[in-house]
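Each remark here refers to the structure printed beneath this line.
What follows is calculated from the coordinates using simple rules that are stated; it is not laboratory data. Predicted, not measured: the structure shown is a model, and the values here were computed from it. Please note: Cβ atoms are built from the backbone with ideal geometry, for glycine as well, and neighbour counts cover all protein chains shown.
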């Protein structure tokens, strides 16, 4: 009985991983969202409000922002002069923007 239960659980686990892959962020789609919502303050990876906190890889790393999670949190909830985009952008759009920012930072904007 334990062997049958183990095989059944293994089958369910394999099925779950095979058909329930998490959605991946789309940096290309994030570029369009960035240009429409973020570029007015962050054109070219700059920061027009606080010039020391750019979207360059070095600054993102310096301020512990060089991850999808950190950028997603910042865009979702805002901080200091940056407004929150929760409710204005979907979760998928925010993930896409985070992927875009990281890809551009890695490439040097």
Quiz item: Any idea how far apart residue 26 and residue 81 come out in nm if each label point goes 7 Å out from Cα toward Cβ?
Solution: 3.3 nm
Quiz item: Using 0.36 nm per residue, how much length does the chain from residue 39 to residue 73 gain when fully extended, once their Cα-Cα distance is taken away?
Solution: 10.4 nm
Exercise. Quick one: order 86, 79 by neighbouring beta-carbon count within 10 Å, fewest to most.
Key: 79, 86
Quiz item: Between residue 48 and residue 107, what length in nm is gained on full extension when 0.36 nm per residue of separation is reduced by their alpha carbon distance?
Solution: 19.2 nm
Quiz item: Sorting 104, 53 on the 10 Å Cβ count, fewest up front, what's the list?
Solution: 53, 104
Quiz item: What is the P(r) of segment 24-107, as percent of Cα-Cα pairs per 10 Å bin from 0?
Solution: 20, 61, 20, 0
Quiz item: If each residue's Cβ is checked for other Cβ atoms within 10 Å, how do 96, 64 rank with the fewest at the top?
Solution: 64, 96
Quiz item: So what is the relative contact order for segment 24-107, in percent, with contacts set as C-alpha pairs under 8 Å and at least six apart?
Solution: 44 percent
